[in-house]
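Worksheet: the structure to be examined is printed underneath.
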Amino acid sequence: MTELHLWLRHEVRSTERRTPVVPSDARRLVDSGVTLTVEESPQRIFPVEEYEAAGCRVAPAGSWASRAPLDAVVVGLKELPDEPAALPHRHVFFGHAYKGQPGAPELLRRFAAGGGALLDLEYLVDDQGRRLTAFGYWAGYLGAALAVLQHRGRLSAPLTPTSQEELAEVLRPVAGDEEFRALVIGALGRSGRGARVALRAAGVEPVCWDLEETRALDRPALLAHDLLVNCVLATTPVPPFVREADLDDPARRLRTLSDVTCDVGSPLNVLPVYDRVTEWAEPVRRLHKEPPLDLIAIDNLPSLLPEEASVDFSASLLPLLPAFGVAGPWGRCLDRFHQACRELGIDEGEFRRA
């Protein structure tokens, strides 16, 4: 049996501070016989010295493309750099390439050109199709927290990473704060649970909708809320929750919209009223002047609580990594990758190794 070699890469996005494997879990992997190479990374919440102390090898940032052995599994979180054009390794990260998102065909063809494979963390599921690893709780928590701060006029930019304790303190209501109605859609999932916790920390008891409430959507009731946090992870097309026509509705009370899911550009997008995500530097975009509607749509929200989010995620990923292979959850990931390639007309014969 070939020894498992994991290569933890540096994230190219400057605002990505999370890691899928924290140093304490890296030590457990090394102690179990896994070879773990960790790239240097100036923004990762945990310094590389902590990984080195845990028995990991250290490599320069971005060196996986030229130095990682072909049998190494490259592990990350967010998007890959544009080069190399051909990807020969197996990569574990959130690829965002299976729902018709912009750039998906180009990414999958890079794997075809190199003979590698994408094992998308979003599709790492158990026998019942339930996700085994996710940042959803913290995404929902932060999506709701930022929405509250914006609605109360207390959100400042650029955003900077913080801790849950510090954020909870900022969220506390103060004298003079006006009451408002908040709605969480997708309230029963991980993200919805996080959103509910944040809103209650802010002194707001949210209205909670899930599948039952959205089967026959009461759009006037939706627009009658002041703040909306969308936590729905759609897997099939559904009628949109907010449409362009709704922005001109004079009866609309909705003023703050936080899209945790960020399916912009996908046919599964339930909020087709914007065409690009917002960023840490400018977290809020005004979608409509009168009546006003502000949007928050940041696609790496948990990186604002990088330590808490990384520790939780690493704990869920840790038991799955030593069993990496072509069976079980990882096999399902690989099957979903090949399915996506076939759907895009990528010839299976192009793949040399995956």
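What residues qualify as long-range amide H neighbours of Gly265, i.e. H under 5 Å apart, gap of 5 or more or another chain, H built at 1.01 Å from N?
Here nothing satisfies the definition.
Per residue of segment 303-313, in order, report the coupling 6.51 cos²θ - 1.76 cosθ + 1.60 (Karplus, θ = phi - 60°) as ³J(HN,Hα) in whole Hz, putting x for Gly and Pro.
Values per residue, Gly and Pro as x: 5, 6, 10, x, 6, 4, 5, 5, 4, 5, 5 Hz.
Could you tell me the calculated FRET efficiency between Ala221 and Glu282, based on Cβ-Cβ distance and R0 = 35 angstrom, to the nearest 0.05? Intermediate values should be presented prior to the final figure.
Working: r = 31 Å, r/R0 = 0.88.
The value I calculate is 0.70.
Please sort 326-334, 48-56, 147-155 by packing, taking for each peptide the average over its residues of neighbouring beta carbons within 10 angstrom, highest first.
On the way: 326-334: 16.0, 48-56: 17.8, 147-155: 19.3.
Put in order of decreasing packing, that is 147-155, 48-56, 326-334.
Treat each spin label as a single point 7 Å out from the Cα along the C-beta direction, and report the Glu244 to Leu344 distance in nm.
If labels sit at Glu244 and Leu344, their model points lie 2.7 nm apart.
Under the classification rounded if a/c is under 1.5, otherwise prolate if a/b is larger than b/c and oblate if not, where does segment 123-243 fall, given a ≥ b ≥ c as square roots of the Cα gyration tensor eigenvalues? Walk me through the numbers before you get to the answer.
On the way: a/c = 2.24, a/b = 1.29, b/c = 1.74.
Judged from the Cα gyration tensor, segment 123-243 comes out oblate (a/c at least 1.5, b/c at or above a/b).
I want to verify a result. In a Gaussian network model of the chain, Cα cutoff 10 Å, which of these has the top mean-square fluctuation: Asp71, Asp127, Asp210?
Highest fluctuation of the listed residues: Asp127.
So how do 264-274, 19-29 stack up, highest first, on mean other-Cβ count within 10 Å?
Ranked by mean Cβ neighbours within 10 Å, highest first: 19-29, 264-274.
Taking square-rooted eigenvalues a ≥ b ≥ c of the alpha carbon gyration tensor, is the chain rounded, prolate or oblate, where a/c under 1.5 means rounded and, failing that, a/b exceeding b/c means prolate?
Details: a/c = 2.14, a/b = 1.55, b/c = 1.38.
Prolate shape, in that a/c is at least 1.5 and a/b is the bigger ratio.
Using only the alpha-carbon atoms, how far is helix 136-151 inclined from the longest principal axis of the chain? Give it as 0 to 90 degrees, nearest 10.
Taking the Cα atoms of the chain, the angle to 136-151 is about 30 degrees.
Hey, can you rank 255-263, 197-205 by average C-beta count inside 10 Å, highest first?
Details: 255-263: 25.0, 197-205: 18.8.
Per-residue mean Cβ counts within 10 Å order the peptides as 255-263, 197-205.
What percentages, rounded to whole numbers, describe P(r) for segment 169-235 computed over all alpha carbon pairs with 10 Å bin width beginning at zero?
Per 10 Å bin, starting at 0, the Cα pair percentages come out as 21, 50, 24, 5, 0.
Could you work out how far the C-alpha centroid of segment 284-309 sits from that of segment 54-99, in angstrom?
Taking the Cα centre of segment 54-99 as reference, the centre of segment 284-309 is 28 Å away.
To the nearest µm²/s, what D does Stokes-Einstein give for segment 194-292 at 10 °C and 1.306 mPa s, using the Kirkwood radius over alpha carbon pairs as Rh?
In µm²/s, the coefficient rounds to 109.
For segment 64-221, give me the percentage of DSSP beta bridges that are antiparallel, rounded to the nearest 5 percent.
On the way: 1 of 11 bridges.
Just about 10 percent of them are antiparallel.
Apply the Karplus curve 6.51 cos²θ - 1.76 cosθ + 1.60, θ = phi - 60°, to the phi angles in segment 25-32 and return the couplings in whole Hz, x for Gly and Pro.
6, 4, 4, 5, 5, 4, 5, 8
Scan around Leu254 for amide H atoms under 5 Å from its own, H built in the peptide plane at 1.01 Å from N, and keep only partners 5 or more places away or cross-chain.
Those qualifying (amide H under 5 Å, at least 5 residues apart or on another chain) are His225.
Calculated from DSSP H runs of 4 or more alone, at -39500 (n - 2.57) each and per residue, what is the 222 nm mean residue ellipticity of the chain, nearest 500?
Details: 12 runs with 107 residues, N = 354.
Here the helix-only value at 222 nm equals -8500 deg cm²/dmol.
Heavy-atom accessible area per residue, the chain, 1.4 Å probe: how many Å²?
On the way: 15590 Å² over 354 residues.
Spelled out: the 1.4 Å probe surface of the chain, per residue, equals 44 Å².
Taking θ as phi - 60°, what are the ³J(HN,Hα) couplings along segment 67-83 by the Karplus curve (6.51, -1.76, 1.60), each to the nearest whole Hz, with x for Gly and Pro?
10, 5, x, 4, 8, 6, 9, 8, 10, x, 10, 10, 4, 7, x, 5, 10
Measure nothing fancy, just the Cα-based angle from helix 190-201's long axis to the longest principal axis of the chain, in degrees from 0 to 90, nearest 10.
50
For segment 209-354, with all protein chains present and a 1.4 Å probe, just round the carbon and sulfur fraction of the accessible area to a whole percent. Could the numbers behind the result be given before it?
Working: 3520 of 6690 Å².
Using a 1.4 Å probe with all protein chains present, segment 209-354 comes out at 53 percent carbon and sulfur.
Gaussian network model of the chain, Cα springs within a sub-10 Å range: biggest mean-square fluctuation belongs to which of Pro42, Pro173, Pro237?
Pro237
Per residue and in Å³, how big is the convex hull formed by the alpha-carbon atoms of segment 56-139? Present the calculation step by step, with values, prior to reporting the outcome.
Values: hull volume 11.8 nm³, N = 84.
In segment 56-139, the Cα hull volume divided by residue count equals 140 Å³.
Return one number: the angle in degrees, 0 to 90 and rounded to the nearest 10, between the long axis of the Cα atoms of helix 104-114 and the longest principal axis of the Cα atoms of the chain.
0
Specify whether the C-alpha gyration tensor of segment 1-144 places it in the rounded, prolate or oblate class, a ≥ b ≥ c being the square roots of the eigenvalues: rounded for a/c under 1.5, otherwise prolate if a/b is larger than b/c and oblate if not. Before the final figure, lay out the partial values.
Numbers: a/c = 1.39, a/b = 1.14, b/c = 1.22.
Note, shape of segment 1-144 comes out rounded.
The values are calculated or read from the model by the stated rules, or taken from the named source; none is laboratory data. Remember, it's a predicted structure, so these values are computed and weren't measured experimentally. Reconstructed Cβ throughout: ideal geometry from the backbone, glycine too, with neighbour counts over all protein chains shown. Ligands, DNA and RNA are stripped out before the accessible areas are found, and what is left, the full protein with its side chains, is counted by its heavy atoms. Shrake-Rupley method; radii C 1.70, N 1.55, O 1.52, S 1.80 Å.
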